[in-house]
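Report on one structure; see the data block that follows.
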Amino acid sequence: MDRRGFLKSTAATALATGVAAPAVWSPAKAQSRQETLLVVSESGPNNIDIHGVGTNVPGYEVSWNCYDRLISHEMKSGPGGVPYYDRDKFKPELADDMNIGDMSVTFRLRKGAKFHDGTPVTAKDVKWSLDRAVTVGGFPTFQMKAGSLEKPEQFVVVDDNTVRVDFLRKDKLTVPDLAVIVPAIYNSELVKKNATPDDPWGLNYTKQNIAGSGAYKVSRWTPGTEVVLDRNDDWASGPLPKIKRVIWRMVPSAGNRRALLERGDADVSYELPNKDFAELKDSGKLSVVSTPFSNGCQYLGMNVTKPPFDNLKVRQAVAYAIPYQKIMDAVLYGLGTPLFGATAPPPAAWPVAHAYNLDLAKARQLLSEAGYPNGFETTLSFDLGFAVVNEPLCVLIQESLAQIGIKTTINKVTGANWRTELNKKVMPLYTNVFSGWLDYPEYFFFWCYHGSNSVFNTMSYQSPQMDALIDGARTAAANGDNAAYEKDVKGFIDLAFTDIPRIPLFQPYSNVAMQKNVSGYQYWFHRRLDYRSFVKG
């Protein structure tokens, strides 16, 4: 298919002094606009390789759309009728056949699949890519380990078109883990040409260059400003997307993002204050979709390795000093599920509410019992890339903690640096969101509470009892022992609420506002946009 000339877009920023957001479309380019999706958000990627060190959440979006994986998920009807990934059903992507055996799974690759430079995708590229994922360390390697994918020897080239993944052990999470973002398939020869002895996996190259076979290619990336992606017209792993070009703009001002939407200059935005989403829903001028994060919650985390948060009573005092309902009302405007004030023991599900509620008198008593009758000073950190929720939330927590003598200095960390700073595990008090890609309680807890101390065990929490319960649940799930599974899940949730190294606040909603002529939005476990399904009427 011949490409038409596309819009030479102008900057989508505006003064923060009430000046109207500028037009970003030329009327002469109406047809190009019909084939182009303009997305505006608060922040953008700091790395376009999911295997990269400290790749932030916006970076997931680029990787998802530009790389293929062997398999993906089928869709089903989710909350409110929104198309929603089916946790338990898979479909071929780069593979066109999957044969699951007792201790292995074999994939036959789709014929005709090519990388963006025209090189055929082969089984050796698949093996090299999976070897890379389990070897580079950090987040990608731990993600693979979450599905018992740990050693290069597990990935076997059967022939040029066939690859086998051998199981180390029976694990219910192994096949689902092959459908997440991390096991993307890379053009191995291209990356190896750009590797060095100090960077054998070519991470410096793929930080800024796509080496995939996916539905879209990055044609331009200006960090902090915009990403432009063009459709790969030779994509073989699914129906050719309707959208030819995606222009993704970083517009820091929430007011400007809303103005661009309301005026029709932007097609999609998913990072507005909840107050704006609530008002836009009421106005009816745009399509607004709100979907609870699967297997996710926003929490207040504490570094339990250092005073004062190594003291259980201090952590309990903080849990009683959170203005939970005020956060729901003044920050979320009801667009979230409360995870506090439970009156019954938690079920074997996640996320669920804990029993803490705002009780300043009890908080002061616990703080005094902990040896801090006059409180203490600390730092409260948040990701500035998601400031529309994080900043007002932290201000409310700061004000409430001050009433029990805890004086906090708010530390605003730029979105590009947040993941790196979080992974250092030195911040004493912070808020963050974690949403487990595989929608199982034991997966969430493996990432966030297990003593193997993953990047998302941001509290550096260690408990042999917790590890035994998480490992027990995984084993019970693999063996189909439902009674043991439920007992262990209830056990690790109860222990998490007893030791309270992090305080769940609420289950966020993924809020997306779109023009009425835009359809095809799907909710995915990674909470980012899948451009392949969008259509403009």
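Summary of computed values
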item	result
Accessible surface, per residue, of the range 254-351 when the full set of protein chains is kept, probe 1.4 Å, Å²	35
Net charge of neighbours whose Cβ lies under 10 Å from the Cβ of VAL156, counting Lys and Arg as +1 and Asp and Glu as -1	0
Length gained when the stretch ALA355-ASN453 is fully extended (0.36 nm per residue, less Cα-Cα span)	32.7 nm
Cα-projected label distance for LYS425 with THR498, points at 7 Å along beta-carbon direction, nm	2.2
Stretchable slack from VAL158 to GLN208, in nm (0.36 nm times residue separation minus alpha-carbon distance)	14.8 nm
The range 30-160, dipole about Cα centre (Lys/Arg Cβ +1, Asp/Glu Cβ -1), debye to the nearest 20	80
At R0 = 35 Å, FRET efficiency that the Cβ-Cβ distance of GLU189 and ARG169 yields, to 0.05	0.60
Projected label distance in nm at ASN517 and ASN417, using a 7 Å step from Cα toward the beta-carbon	4.3
Filter on LYS127/LYS242; LYS127/LYS424; LYS114/LYS217; LYS124/LYS217; LYS306/LYS425 - keep pairs with C-alpha separation over 20 Å	LYS127/LYS242; LYS127/LYS424; LYS124/LYS217
Counting DSSP beta bridges with both ends in the chain, the antiparallel % (nearest 5)	75
Given charges at Cβ of Lys, Arg, Asp, Glu: the chain dipole, positive-most of THR122, GLN143, ASN46	ASN46
Electrostatic dipole magnitude of the range 306-391 [Cβ: Lys, Arg +1; Asp, Glu -1; Cα centre; debye, to 20]	220
Placed amide H near TYR509: partners under 5 Å, 5+ positions off or other chain	PHE293
Cut-off 11 Å between beta-carbons: net charge of the residues surrounding MET144, Lys and Arg +1, Asp and Glu -1	0
Heavy-atom accessible surface of the range 231-284: percent carbon and sulfur, 1.4 Å	49
Residue-count net charge about PHE386 - beta-carbon cut-off 10 Å; Lys, Arg +1, Asp, Glu -1	-4
Relative contact order (%) - the chain, alpha-carbon pairs under 8 angstrom, separation at least six	19
At R0 = 30 Å, FRET efficiency that the Cβ-Cβ distance of GLU262 and ASP329 yields, to 0.05	0.75
For the range 425-510, accessible area per residue (1.4 Å probe, heavy atoms of protein chains only), Å²	30
Check: the range 181-275 dipole with +1 on Lys, Arg Cβ and -1 on Asp, Glu Cβ, in debye	260
Chain lengthening between ASP97 and ASP481 when straightened (0.36 nm per residue, less Cα-Cα)	135.3 nm
Under-5 Å amide H pairs with SER463, H placed in peptide plane, nonlocal only	GLY451
Percent carbon-and-sulfur accessible area, the range 305-395, ignoring ligands, DNA and RNA, probe 1.4 Å	54
Shape category assigned to the chain from the gyration tensor of Cα positions, a/c cut at 1.5	oblate
Distance from the range 298-337 to the range 87-141 (C-alpha centre basis), Å	41
Carbon/sulfur fraction of accessible area - the range 397-537, other protein chains in place, 1.4 Å, %	48
By average C-beta atoms within 10 angstrom, highest first, the peptides 272-284, 135-147, 98-110	135-147, 272-284, 98-110
Most to least packed among 209-218, 158-167, 111-120 [average Cβ atoms within 10 Å]	209-218, 158-167, 111-120
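The values are calculated or read from the model by the stated rules, or taken from the named source; none is laboratory data. As the structure is a computational prediction, the values presented were derived from the model and not from experiment. Backbone-built Cβ (ideal geometry, glycine too); neighbour counts: all protein chains shown. Protein only, heavy atoms only, side chains kept; ligands, DNA and RNA dropped before computing areas. Shrake-Rupley method; radii C 1.70, N 1.55, O 1.52, S 1.80 Å.
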